[in-house]
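What follows is a short report on a single structure.
The values are calculated or read from the model by the stated rules, or taken from the named source; none is laboratory data. Keep in mind the model is a prediction, meaning the values are calculated, not measured. Don't worry about glycine lacking a Cβ; one is built from the backbone with ideal geometry, like all the others, and counts go over all protein chains shown. Remember, those area values only see protein heavy atoms, side chains included, never the ligands or the DNA or RNA. Shrake-Rupley method; radii C 1.70, N 1.55, O 1.52, S 1.80 Å.
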Amino acid sequence: MAAEIRVFSCLSDNLGYLIHDPQSRMTASIDAPEAGPIIKVLEREGWTLTDILVTHHHADHVGGIAELKHKYNCRVVAPHDQQAPIKQVDLRVENGDVVRVGDMLARVLETPGHTLDHISYVFDNEKAVFAADTLFSVGCGRVFEGSYPMMWQSLLKLRALPDDFRLYCGHEYTASNVKFALGIEPNNPDLQTWAEEVTRLRAENKPTIPTLLGDEKKYNVFLRADEPSVAAGVRLKGASADDVFAELRERKNKS
Ligand code: ZN
Ligand code: FE
């Protein structure tokens with residue numbers, strides 16, 4: 001039986017995710033922004049939380065761990081990087097490790113840049129990637145701890161995944177990202193189409209996530225820093241992807 005994924009909002013603009021294996025009845029939460037909404041969805045579905053898969057140490061991704069662990073005694077899986085101040089960790093994982101949740105397998109991809117410890121979880125069989133604050137729809141995370149080239153390399157790792165994989169990111173930032181991207185690539189038809197869809201979804205208060213990775217490759221300017229149209233959009237024709245990416249991120253920081 002196929003895994004079931006639930007998407008819901010947490011805190012002000014975080015996205016909560018539960019992935020459930022109907023066979024084993026095991027359920028993982030990707031990060032734990034806050035316990036309340038996660039417990040609510042678990043109870044509505046009649047699921048018990050068995051695992052929390054943590055992507056990075058920021059408070060809006062780990063704030064609910066203590067309460068959830070206390071309630072469900074679930075396993076907490078977190079990045080290998082010991083610098084990361086994440087408490088109550090049962091299993092530390094690094095690049096290439098595979099975490100098993102029932103019949104579901106999550107492959108760990110180290111995607112540093114936003115933070116140094118940031119990892120993404122790739123569920124190859126489910127064609128789903130949980131990229132938290134590395135890759136957003138039409139955007140990417142702020143580069144707090146790493147360097148711009150480091151973040152660009154992490155985005156390339158995610159871009160290498162197949163087009164039919166779904167992207168589940170850490171925040172509902174799509175509308176503001178689309179606005180920024182239209183300033184860089186105003187004539188990108190895929191971006192224009194997605195912009196209209198995002199406006200409609202947000203007007204109905206619906207999440208824009210998940211999106212298809214194949215679509216992100218067409219309209220996410222941060223995944224397209226090596227495209228001539230994007231370089232031209234930041235007046236850096238002929239510059240390296242590293243430089244174009246850095247310029248994009250700097251501009252977004254100020255927007
Ligand atoms: Zn973060
Ligand atoms: Fe975050």
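Things to note:
- Close contacts from the range 95-118, counting a first residue that is among the acidic types (D, E) and a second that is surrounded by fewer than 18 Cβ atoms within 10 Å (Cβ to Cβ), with Cβ to Cβ under 7 Å and a gap of 6+ residues or different chains, come to D103/Q23; D103/S24; E110/E94; E110/N95; D117/Q83.
- Matching entry among D51, D31, D81, D90 (being among the charged types (D, E, K, R) and within 14 Å of ligand 2 (Cβ to nearest atom)): D31
- Residues being within 17 Å of G214 (Cα to Cα), aromatic (F, W, Y) and within 16 Å of ligand 1 (Cβ to nearest atom) - total across the range 166-201: 1
- The residues on offer are P189, P210, P162, and the sole one that is surrounded by fewer than 23 Cβ atoms within 10 Å (Cβ to Cβ) and under 27 Å from P33 (Cα atoms) is P210.
- Taking the range 126-148 as the range and being touching a residue at least 60 places away in the same chain (Cβ under 8 Å), more than 15 Å from ligand 2 (Cβ to nearest atom) and either among the small types (G, A, S) or open to solvent by 10 Å² or more (accessible area, probe 1.4 Å) (or both) as the test, the residues that pass are E126, A128, Y148.
- When I119, I65, I52 are checked against the criterion of being crowded, with 21+ Cβ neighbours inside 10 Å and more than 25 Å from L161 (Cβ to Cβ), a single residue qualifies: I65.
- Remark: pairs (first residue in the range 11-26, over 14 Å from A106 (Cβ atoms) and part of a strand (DSSP E or B); second residue among the aromatic types (F, W, Y) and within 16 Å of ligand 2 (Cβ to nearest atom); Cβ separation under 7 Å; 6+ apart in sequence or on different chains) = G16/F8.
- Filter result for V77 (under 18 Å from G170 (Cβ atoms), part of a strand (DSSP E or B), away from ligand 1 (no atom under 15 Å from the Cβ) and not polar (S, T, N, Q)): yes
- For R235, the conditions (1) open to solvent by 70 Å² or more (accessible area, probe 1.4 Å); (2) within 24 Å of V77 (Cβ to Cβ) all hold with the exception of (2).
- Residue in the range 88-98 that is in a loop (DSSP other than H, G, I, E, B), among the polar types (S, T, N, Q) and surrounded by 20 or more Cβ atoms within 10 Å (Cβ to Cβ) present: no
- Members of the range 41-72 that are more than 20 Å from A106 (Cβ to Cβ) and either free of Cβ contacts under 8 Å to residues at least 12 places away in the same chain or part of a loop (DSSP other than H, G, I, E, B) (or both): E43, R44, G46, A59, G63, H70
- Enumeration of residues in the range 91-112 that are within 15 Å of ligand 1 (Cβ to nearest atom) and either aromatic (F, W, Y) or closer than 22 Å to K218 by Cβ (or both): T111
- Scanning the range 73-87 for residues that are at pLDDT 95 or above and open to solvent by 40 Å² or more (accessible area, probe 1.4 Å) yields N73, R75.
- Helices (runs of 4 or more DSSP H) fully within the range 149-255 counting 2 or more residues that are modelled with pLDDT of 95 or more, under 20 Å from the mean Cα position of the chain (by Cα) and not aromatic (F, W, Y): 174-184, 189-203, 213-219, 241-254
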